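For reference, the structure discussed in these notes is given below.
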Amino acid sequence: MDNNEVNLNGTGEGMSAPKPLRKLVKVNRQNSEPFSNYPPVNEEYHGRYEASPEEYHGLHEAPEGEYHGKHEAPPSGLRAVPPPYKGRYEADDSGYDDGYEYEEPHHRRGFSFKDFIIKTVSIVTSIALILVLVLNVPIFVDKKTGSNASLIYLIKHAQPMAKEGTINKENVKVDIDTEKVAEDFNDGLDLPQLVEGQFSILFLGFDEDEFNSDVMWIVQFDIGNGEMNILQIPRDCCLPDYTSSPSRKFNSVYSMGDYNIEPPIQRVVNAVQENFGIPIDAYITTACFDIVRMVDIVGGIPIHLDNEIIYESDKIIPAGDVTLTGEQAEWFIRFRTEWLQGDIGRMQNQRRFMSAAMMKLFDIVENEGRLKLYSYIKQIKDEDLIYTDLSIDDMSKIADFASTLDMDDVRVNMVPGEDATFYGEDGKEYAVFSVHKAETIALLNKYYRPYQTAMTPYDTTIVELVLDHQYDVYDDTGMTFEELETATEPLRDPDKKPWWKED
């Protein structure tokens with residue numbers, strides 16, 4: 001037999017016989033123990049671990065009735081109010097109750113002053129920030145320069161008191177000395193000035209009729225050197241080419257100057273610049289009756305008087321330490337009857353008033369503060385007591401600078417000259433003040449042109465009436481405010497003493 005052939009009898013060459021199969025045993029299900037517990041096929045099956053058909057109640061089942069948990073919310077309509085917080089180490093309070101209190105709810109929260117303040121401050125701050133942004137946006141046009149400017153800039157640089165108009169600053173001869181100052185020199189005050197480092201103001205005080213000017217000062221702030229210089233121009237100073245008045249006195253230039261020049265203040269500005277070589281940056285004008293109100297606003301001017309001043313029989317200022325009222329201040333600065341030197345004596349007395357007024361300014365800043373000083377300036381502006389082309393911003397800057405000066409940093413000078421006679425076109429003789437040209441030029445170069453080249457006789461239109469000077473008593477009249485504090489009154493003329501005055 002071939003090796004590949006199979007022996008149907010289960011044997012073959014090389015092969016062992018297969019093991020016999022197990023015999024199957026028929027099991028009697030009825031008597032078989034493993035299945036004895038199973039129900040018959042036609043019965044419902046219930047497993048060994050089947051749950052009881054009764055209702056189940058677990059070991060930890062909640063009791064019957066409405067459930068109220070440990071942290072259950074309070075009944076509807078009430079809200080819990082927790083007890084006040086007691087710190088970890090806070091002392092025990094026998095009155096404290098651990099339980100919850102309940103109060104009826106409110107539809108709106110009660111008024112809280114603290115919340116009101118916080119909300120109000122927040123709203124005001126927001127509005128302020130918005131205003132600051134709006135005010136500083138350059139959306140307006142500055143009529144002076146034609147450029148865009150912010151509203152705050154226009155307000156700060158407005159000239160609400162420029163009732164005399166604005167002065168023309170074009171074609172002003174400044175003659176900057178480049179050897180004294182560099183081209184990029186900046187005094188730090190950012191004022192609208194013709195010469196960097198200095199700021200010059202023309203001050204005019206008018207009589208009752210507001211026709212002639214009784215007081216004429218040039219107030220120059222030397223910012224670069226921390227000084228102030230005041231030049232007094234005598235009202236009788238003769239300027240033949242600048243007025244049509246028969247006397248040709250300086251005090252008539254405003255009202256009787258060149259009528260082709262407008263506004264009238266410009267006539268005085270031109271006369272000052274062309275005769276005395278001081279570029280004028282701004283002006284201030286006032287009347288004698290306005291000085292009364294200004295002095296009263298600041299609370300009077302303390303001053304010492306060597307002797308009583310009798311302006312009129314019923315207008316007397318007593319001797320000693322006094323605080324001048326507004327009316328008394330007017331009498332004081334206008335008084336001239338008994339002075340030996342007449343108008344020059346009055347000018348010397350006006351210096352004492354200026355010194356006292358400066359001390360009052362220092363006192364306001366020191367004891368009342370700069371804000372109070374600014375409030376006085378605002379009140380003077382609101383009452384139209386002065387006319388000026390200075391802006392409020394300019395005035396505050398100048399006031400700040402002036403308040404930093406010492407009394408020995410402020411000097412007063414008078415234009416040098418002497419009394420003379422002027423023969424008018426009307427055939428009359430007039431008592432005038434003739435300027436000493438050379439002495440005036442020397443004074444101007446020393447004190448009033450700190451950043452300009454030296455002035456020469458060819459740079460001025462001064463006319464001398466007296467070439468052969470008779471006296472030089474007025475050629476050097478300079479005094480500091482510190483010296484003026486102890487200065488005595490001008491000399492009096494015994495012959496001018498009122499006849500009714502008792503000795």
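Each reported figure results from applying straightforward, stated rules to the coordinates on display, with no laboratory input. Just so you know, these numbers come straight off a predicted model, no measurement behind them. Methodologically, a virtual Cβ is constructed for each residue, glycine included, from the backbone with ideal geometry; neighbour enumeration extends over all protein chains shown.
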Quick check on the exposure proxy: order 126, 355 from fewest to most C-beta atoms within 10 angstrom. 126, 355
Could you rank the peptides 325-332, 397-404, 370-377, 112-119 by their average count of other C-beta atoms within 10 Å per residue, with the highest value first? 325-332, 397-404, 370-377, 112-119
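Once you have the Cα-Cα distance between residue 372 and residue 172, take 0.36 nm times their residue separation minus that, and quote the gain in nm to one decimal.
Values: separation 200, 0.36 × 200 = 72.00 nm, distance 3.66 nm.
So the extension gain works out to 68.3 nm.
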Per the C-alpha gyration tensor (a ≥ b ≥ c, the square roots of its eigenvalues), the stretch 338-428 is rounded if a/c is under 1.5, else prolate if a/b beats b/c, else oblate; here it's prolate
For the stretch 176-496: lysine pairs with Cα atoms under 29 Å, gap of 8 or more or different chains, count? 23
Sort out for me the Cα centre separation of the stretch 353-410 from the stretch 246-295, rounded to whole Å. 22
Where both partners of a DSSP beta bridge lie in the stretch 176-496, what percent of those bridges are antiparallel, to the nearest 5? 75
Could you state the number of Å between the C-alpha centres of the stretch 419-460 and the stretch 176-209? 21
Two-site label geometry, residue 381 and residue 120: point separation in nm, points 7 Å out along Cα→Cβ: 2.9
The stretch 176-496 - charge dipole about Cα centre, Lys and Arg +1 at Cβ, Asp and Glu -1, debye rounded to 20: 220
